[in-house]
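The values are calculated or read from the model by the stated rules, or taken from the named source; none is laboratory data. Owing to the predicted nature of the structure, the values given are computational and were not obtained by experimental measurement. Backbone-built Cβ (ideal geometry, glycine too); neighbour counts: all protein chains shown.
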Amino acid sequence: MNVVRHRLFWPVAMLVALLLSNLFFTPDFFSIEVRDGHLFGSLIDILRQGAPLMLVALGMTLVIATSGIDLSVGAVVAISGAMACQQIAGLDDQGAVGGVLVAVALALALSAGLGAWNGFLVSVVGIQPIIATLILMVAGRGVAQVITDGQIVNVNSPPYKTIAAGFLFGIPVPVIIAAGVVALVAVVIRRSAFGMLLESVGGNAGASRLAGIRSRRLIIIAYVVCAVCAGVAGLMVSSTVSSADGNNNGLLIELDAILAVVIGGTSLLGGRFSIAGTVIGALLIKTLDTTVYTIGIPPEVALLFKAVVVVILCLVQSPAFRAKFARRQPAEVTA
Amino acid sequence: MIDLKTRPPLNVADRVRAIPVRQKYLPVTATAVLLALMYGLGVINYPGFSDTQIVLNVFVDNAFLLVVAVGMTFVILTGGIDLSVGSVVALTTMIVALLLENGWPAAVVLPVALLMGATIGFLMGLMIHYFDVQPFIATLAGMFLARGLCYVISTDSISIDNPFWVSVANAQLWFGGFFITISVLIALVVVLVAAYVLAYTTFGRDVYAVGGNPQSAMLMGLRVGRTRIAVYTISGLCSALGGVVLSFYMLSGYGLHASGMELDAIAAVVIGGTLLTGGSGYLFGTVLGVLVLGLIQTIITFQGDLSSWWTKIFIGMFLFVFIVLQRAVTRRRR
Amino acid sequence: MSEPLLVMRGIGKRFPGVVALDGVDLRLYPGEVHALMGENGAGKSTLIKVLTGAYHHDQGEITLGGESVAFAGPHQAQQAGISTVYQEINLCPNLSVAENVLIGRAPTRFGRIRWSAVRRRAEELLDRLHLKIDVGSDLGTHSIAVQQMVAIARALDVDAKVLVLDEPTSSLDASEVDQLFGVMRGLKEEGIAILFVTHFLDQVYEIADRMTVLRNGRRVGEYRTADLSQLDLVGAMIGKELAALEDIEEAPRREVAALERGTPVVSADGLGRNGAIAPFSLAIHKGEVVGLAGLLGSGRTEVARLLFGADHADQGKIAVDGEPVALRGPQSAMRQKIAYCPENRRTDGLVEELTVRENIILALQADRGWARPVPRTRQDELVARYVKALDIRPADPEIPVRNLSGGNQQKVLLARWLITEPKLMILDEPTRGIDVGAKAEIQKLVVELSDGGMAVLFISAELEEVLRLSHKVAVLRDRKLVAELDNTDGLDTDRVMAAIASGGVA
Amino acid sequence: ACGGEGSRNSGGGAAAGKDDGKIVMGFSQVGAESGWRTANTKSVQDSAREAGIELKFSDAQQKQENQIKAIRTFISQKVDIIAFSPVVESGWDTVLKEAKDAGIPVILTDRAVDSPDKTLYKTFIGSDFVVEGTKAGEWVKKEFASAAGPVNMVELQGNTGAAPAIDRKEGFASVLGSDPKFKMLASQPGDFTRVKGKEVMEAFLRANKDIDLLYAHNDDMGLGAIEAIEAAGKKPGVDIKIVTVDAVKDGMQALADGKINFIVECSPLLGPQLMELAKKVVAGETVPERVLTEETTFTQEQAKAALPDRKY
Ligand SMILES: Nc1ncnc2c1ncn2[C@@H]1O[C@H](COP(=O)(O)OP(=O)(O)OP(=O)(O)O)[C@@H](O)[C@H]1O
Ligand SMILES: Nc1ncnc2c1ncn2[C@@H]1O[C@H](COP(=O)(O)OP(=O)(O)OP(=O)(O)O)[C@@H](O)[C@H]1O
Ligand SMILES: O[C@@H]1[C@H](O)[C@H](O)CO[C@H]1O
Ligand SMILES: [Mg+2]
Ligand SMILES: [Mg+2]
């Protein structure tokens, strides 16, 4: 009873249902094998492929908590990958860890700068977030292509490759990175007062100002964190195929990220947010994609399938819907 | 006791209050002025830009966007958002093309297409109102659904050769050496009707009230649910009509038509001075917003030597400069 | 008496974790003013929302004119002739005053709204309340008091059988209350039943015929006003005999002489803001309570906001402890140990979805910055202390503040600023919407705080209260500070009124 | 007649350098969605410069409506000739009629339009995507001729709805679809990108233990899939044979390295041919209605030979 009432019950239930439906088509879907000391298996694939989305959605959660939104994350994914790959491609020794680290640092610094730009437009200039970040969404892919001169930049760098394809303690590196960043952000946010102040600003900006909260700074930080998360995701995406494609990397990831955040129970109106929810939301979306491929849903109906799942999920999560259709015994209340 | 009636006039206060009234129109005015500046920029820089037909072409080429943006204005005024519009436009072109291809008469196809759009909008409205699904998500689902239906119909594009459609598409209304198309007329009529509805009807005012504060509107006894469902229905209808207009423009149905148009429509509405939080804005602003987007495109084509990526950066820069200037003009002191 | 017009029987309403109403009965007769009384959180507003269909009740039955009704929402209630002014002003700030009065029933011709008629009708209605404002201006540009009047005007327009007023007078001054009562008496004569909620006992005895008293979501009883003394009423509301009421009534006037006026804690010199308030000078000393008096819209809130840096002053200087300071915003005011409890708690004060604890801790935390969280144990300790001291109910710090009743929300706001231990506390209408008991507590608190050395700027629409608490009263009129009166023996409400009226000392 | 420099400021006419003898071409490109497209753009720009043609280039950001807008703007600018790459076959009649009425000739590149009125454009230069699919299919048929079968195949399609995706699928299926020996186990869109190609291939590999052949609608997806195959511990080009379309440099490299088995060329280098045709059309000469791009196919050996002079 109490489990069912939990905020995340329905997303989790949906996730489990999707995974189980895979099992039906691919009997060894749940099997995880160890090869050369590395974990392999469909579940591991989902985690690994879901890592970039999880990161982007994580950053998006913070921005949404401020009652903002960031449409530019896809462009930042592209820019960050372009920057890193272009940098590495110019190295004499692409295998040098030092050079790769510099490239990674540059890419992330650039991402942070872009996040600061978004935050500046939103909190200082006062532009509505959707439009403020639309600017970078449009221009950003251009920027990525300027960096790579419109080409797909290939790199041949084992250290860079590790970001997406490496293993540590048998676990894929991207999974470790994503888990690490999620844990770091979650701890910093809940251990410090950042989360609460963010929720306050998102919940009631005017009142927050009168309570002395420096909301500008907080909002800028949120956008910077969001962009850096997208930047890390950009490294992963470009590292998977050892090349940066300014035009296609991270395409439409903003929609999936927002969807993940909302599925996880964070309201787009701002205020209260749930990082755990976002993680589940991201996994759910990635599982949905995988399911389409593995159970062989024809591409023509794949979108329809996605729409149906989203609608069902929204409806079962809606208390109003459950009250109307899944009438259960009246809630017990204690005074 | 003090009699309030005998209070002397509030001189300072009067002045304070005099400003807000005009302030309501400030965003729209700012957009208009900046648009004029932008046009001037084009005329000075590019030969041939001053040709009146250039301005008319902006209307000709953006009639469908204008129609869609009108629907979006209703939704945004209530504080909502509709991401499904682009897909519904595409689905409409697809259905129109399919039905015409199967020999249905134009007089039947038209209402069927419009009804389809309105129905999708209506269903999303139901989800949003009755089941408290956030508009962004409900309409995102609508977006997937409509785009998905396109591909179910066909992944290929279907061309339209119905004589009525072709003649409407090719008709040019000439006056004094310049022309517009029937689509432009349709768009203008839609704009006028919608502006009237927003300003002069009970429903229109309910839209603003719901956008101002839905909770209050409910307690004031307004039919919030009906209003919200209606705006999404209207948006669906406008999208379908926009789709019909686009099918005149393209003479084809295709699942990839109008991709990303939702962002153009939202941008047009917001550039026109309407607040995404709802409750404030004018339809005239939306018209200006569409013109701004159209003019940016025209200027870039006139420039003619931008690479693909610089094109993107330029569009972004134009948007940026425009929005920041608009912001600077309308910014209120506090 | 005739048949009751409206009967609510056995009404039950639960919220998660709270039973807000438990088998409540209410009867309303045509042509009576019926007061609904109870402490903060007793369930008054909830009962009203159940009546109008804004909430769906779990149990009970409602009959109107003998017929059983169940409204799906306020719209249906309105159609059935129940017109309501809710406690928190529920209007649309983005629309004009005229529209707010008439939206939903604006006169039309062929579906076209007749705007001139709308304006005319709105002016007429506001005129009944003697409010003269530009009905074309946006509602949001007006003060709470004006908005309250607009909400009332809106309710008056309906061809109603039942008029429900949930604390309509909380932000009105004496003369406006009089206007309202005049109108209410007129309606009563026309046979309309009026349900009236207020925390001002005097007003109840002035206007109400009968009353229903609620306590903890249960009905204590139904009484004729004439049959129940004020003391018994308070007893019924609170559930025990309470001397608090007498305490306030007889609280001694503040001794001006007792105060040493050295360097002021905060002093304003020629401080002003164009279009908001004319330049004024005001000094507030350690341990001093300065009251601000004035009609609504006279600029009291503006004074408060300038002193807190919430608005930017475009002229004049502020000094704290004699040192000139620049208040660039609330943060810098907080650095100077100035606190501000705004009058509009819903929009300017609380973050509704945060918990009681988080709301209380908010200012303290903001001051420390996000990187230095207040340790949880310290939070719990502080919060527990103030929940107890201010008797915040329910006493669960982990529920969203949204779920608290209006009065308890106000206390949360007070607690937020008290824990920052300010040198100057600015209280803008802190007692609005607070029940007698709590009001007495807050007044006592103000006295204690100032005795402990805190300077207080106290704003209230109730002159009596201002006079009772203040060492000095500053009088505002038309956005100008027109007089500063020491609270000596000679000062009474009449003299303050006279100062307000004439713009100087009488 | 007079120098090209002065014409801009000479005022008067709306024409952008109309009478200075220099041909002005308006070119409407679809976008920059792939390396192929970028090479195509570059080829057009470079050859225009070499041919002394003034190019008005407009990028449509993947939207047909933007292409139409651009063409309409070219018409009002009174350019001498318009060229464009329509991604979609249908929907061009109205604007082409406007061009015709304005007396501006049009050349289609890369993809045809389905208009029944052939007078709306002068010529069409480009590849035939269906033929590309057919070529790929025929190679597969030959390659597995001696295999006992069944041959298990998977396919990475381009973006759902995109013309090259539809046609390449169709051409491939027209060769192999009727042969029961060849079994298409799975076919999903990889959106013409490496990342998506890899991701989808990973799913294919999990769901299907035994894959003999991968057909990717372009090199990029094939390159992504190679990564997936290698990560799964298999040898691309050996354990799983791969055939792709495009022959961009990276693809050719993989082909030469033995990771891809066969590539059907789809050349983006239309520029020189286009400029030549443009000059002829403006001069009033007659040109053939259909000009095919010079294209070939590559085996691994041919790739090794061709690789050194591959420019894109
Ligand atoms: N939306 C809600 N969710 C949960 N609890 C609520 C909600 N609204 C009110 N309550 C609770 O119901 C009880 C009654 O509240 P109500 O607002 O009716 O009190 P009230 O008598 O109007 O008090 P006040 O005089 O302070 O306005 C309180 O305990 C309050 O905390
Ligand atoms: N009776 C009135 N007639 C016209 N305008 C009024 C009246 N009362 C208030 N206003 C308007 O209300 C606005 C707000 O005033 P302000 O915030 O200074 O009020 P205040 O003195 O704090 O009063 P309170 O807090 O009691 O509402 C001003 O713009 C003023 O024009
Ligand atoms: O990769 C390319 C491009 O995507 C282009 O659209 C045409 O065909 C494909 O081969
Ligand atoms: Mg109440
Ligand atoms: Mg005030």
Checklist entry - What's the number of the condition C:Gly239 fails, among (1) crowded, with 16+ Cβ neighbours inside 10 Å; (2) out of contact with any Gly (no Cβ under 9 Å at 6 or more places or on another chain)? => result (1)
Item to check | Those helices (runs of 4 or more DSSP H) lying entirely in the stretch C:349-429 with at least 3 residues crowded, with 18+ Cβ neighbours inside 10 Å and within 14 Å of ligand 1 (Cβ to nearest atom) | outcome: C:406-418
Checklist entry - If you check D:Gly171, D:Gly149, which single one turns out to be at positive phi, surrounded by fewer than 24 Cβ atoms within 10 Å (Cβ to Cβ) and in contact with a Lys or Arg (Cβ under 8 Å, 6 or more places away or on another chain)? => result D:Gly149
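Residue by residue, here is whether (1) within 24 Å of A:Leu43 (Cβ to Cβ); (2) within 14 Å of chain B (Cβ to nearest Cβ); (3) crowded, with 24+ Cβ neighbours inside 10 Å holds:
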site: A:Arg141; (1), (2), (3): no, yes, yes
site: A:Val146; (1), (2), (3): no, yes, no
site: A:Phe167; (1), (2), (3): yes, no, no
site: A:Tyr223; (1), (2), (3): no, no, yes
site: A:Gly234; (1), (2), (3): no, no, yes
site: A:Ser239; (1), (2), (3): yes, no, yes
Next on the checklist: Of all residues being touching a strand residue (DSSP E or B) at 6+ places or on another chain (Cβ under 6 Å) and charged (D, E, K, R) in the stretch A:1-59, which is modelled with the highest pLDDT? Just the residue, please.
Outcome noted: A:Arg48
Checklist entry - Hey, among the residues in the stretch B:303-321 that are among the aromatic types (Phe, Trp, Tyr) and more than 7 Å from every other protein chain (Cβ to nearest Cβ), which one's surrounded by the fewest Cβ atoms within 10 Å (Cβ to Cβ)? => result B:Phe314
Checklist entry - Are any residues in the stretch C:19-52 within 11 Å of ligand 1 (Cβ to nearest atom) and within 14 Å of chain B (Cβ to nearest Cβ), and if so, which ones? => result C:Ser45, C:Thr46, C:Ile48, C:Lys49, C:Val50
Next on the checklist: When you scan the stretch D:4-24, do you find a residue that is at pLDDT 90 or above and away from ligand 5 (no atom under 16 Å from the Cβ), even just one?
Outcome noted: yes
Checklist entry - With the stretch D:43-130 as the region, which strands (runs of 3 or more DSSP E) entirely inside it contain at least 2 residues that are more than 16 Å from ligand 4 (Cβ to nearest atom), at negative phi and at the interface with another protein chain (Cβ under 8 Å from one of its Cβ atoms)? => result D:54-59
Checklist entry - Of the residues that sit in the stretch C:393-440 and are of a type in the set (Lys, Arg) and either within 16 Å of ligand 2 (Cβ to nearest atom) or at pLDDT below 90 (or both), which one is farthest from C:Asp202 (Cα to Cα)? => result C:Arg393
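Please find, within the stretch D:168-216, the residue that is nearest to A:Ser242 (Cα to Cα) out of those that are in a strand (DSSP E or B) and within 10 Å of chain A (Cβ to nearest Cβ).
Checked the stretch D:168-216; the qualifying residue nearest to A:Ser242 (Cα to Cα) is D:Pro189.
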Checklist entry - Which of the residues belonging to the stretch D:244-268 are within 13 Å of ligand 3 (Cβ to nearest atom) and hydrophobic (A, V, I, L, M, F, W, C)? => result D:Val245, D:Ala247, D:Val248, D:Ile263, D:Val264, D:Cys266
Item to check | Filter result for C:Ala455 (away from ligand 2 (no atom under 16 Å from the Cβ) and in contact (Cβ under 8 Å) with a residue 60 or more places away in the chain) | outcome: yes
Checklist entry - Which condition number in (1) more than 26 Å from A:Thr26 (Cα to Cα); (2) aromatic (Phe, Trp, Tyr); (3) more than 24 Å from the chain's Cα centre (by Cα); (4) within 11 Å of another protein chain (Cβ to nearest Cβ) is the one that D:Phe144 fails? => result (4)
Checklist outcome for this item: Looking across the stretch A:83-112 at residues that are touching a residue at least 24 places away in the same chain (Cβ under 8 Å) and within 16 Å of A:Val73 (Cα to Cα), the single one that is farthest from the other protein chains (Cβ to nearest Cβ) is A:Leu108
Checklist outcome for this item: Of those in the stretch D:238-267 that are outside any helix (DSSP H, G or I), surrounded by fewer than 24 Cβ atoms within 10 Å (Cβ to Cβ) and within 14 Å of chain A (Cβ to nearest Cβ), the residue nearest to ligand 5 (Cβ to nearest atom) is D:Lys259
Checklist entry - Of the numbered conditions (1) in a helix (DSSP H, G or I); (2) modelled with pLDDT of 95 or more, C:Gln331 satisfies every one except a single condition; which is it? => result (2)
Next on the checklist: For B:Thr139, only one of the following conditions fails: (1) among the polar types (S, T, N, Q); (2) facing another protein chain (nearest Cβ under 9 Å); (3) assigned to a helix (DSSP H, G or I). What is its number?
Outcome noted: (2)
Item to check | Candidate set from the stretch B:45-100 (those that are at pLDDT below 95 and of a type in the set (Asp, Glu)); member that is farthest from B:Ala240 (Cα to Cα) | outcome: B:Asp51
Next on the checklist: Taking the criterion of being within 12 Å of chain A (Cβ to nearest Cβ) and β-branched (Val, Ile, Thr), would at least one residue in the stretch B:281-290 satisfy it?
Outcome noted: no
Checklist entry - Restricting the first residue to the stretch B:171-200 and requiring it to be without any contact (Cβ under 8 Å) to a residue 60 or more places away in the chain, which pairs with a second residue that is in a helix (DSSP H, G or I) meet a Cβ separation below 7 Å and a spacing of at least six or different chains? => result B:Ala171/B:Ile182; B:Val197/B:Phe203; B:Val197/B:Gly204
Checklist outcome for this item: The correct count of residues that are more than 8 Å from chain B (Cβ to nearest Cβ) and either within 16 Å of ligand 3 (Cβ to nearest atom) or among the polar types (S, T, N, Q) (or both) in the stretch C:53-78 is 4
Checklist entry - If we keep just the residues of the stretch C:321-341 that are in contact with a Ser or Thr (Cβ under 8 Å, 6 or more places away or on another chain) and in contact (Cβ under 8 Å) with a residue 40 or more places away in the chain, which is farthest from ligand 1 (Cβ to nearest atom)? => result C:Gly322
Next on the checklist: Please count how many residues of the stretch B:190-209 are of a type in the set (A, V, I, L, M), within 19 Å of the chain's Cα centre (by Cα) and within 9 Å of chain C (Cβ to nearest Cβ).
Outcome noted: 1
Next on the checklist: I need a count of the residues in the stretch C:315-333 that are touching a strand residue (DSSP E or B) at 6+ places or on another chain (Cβ under 9 Å) and within 11 Å of another protein chain (Cβ to nearest Cβ).
Outcome noted: 3
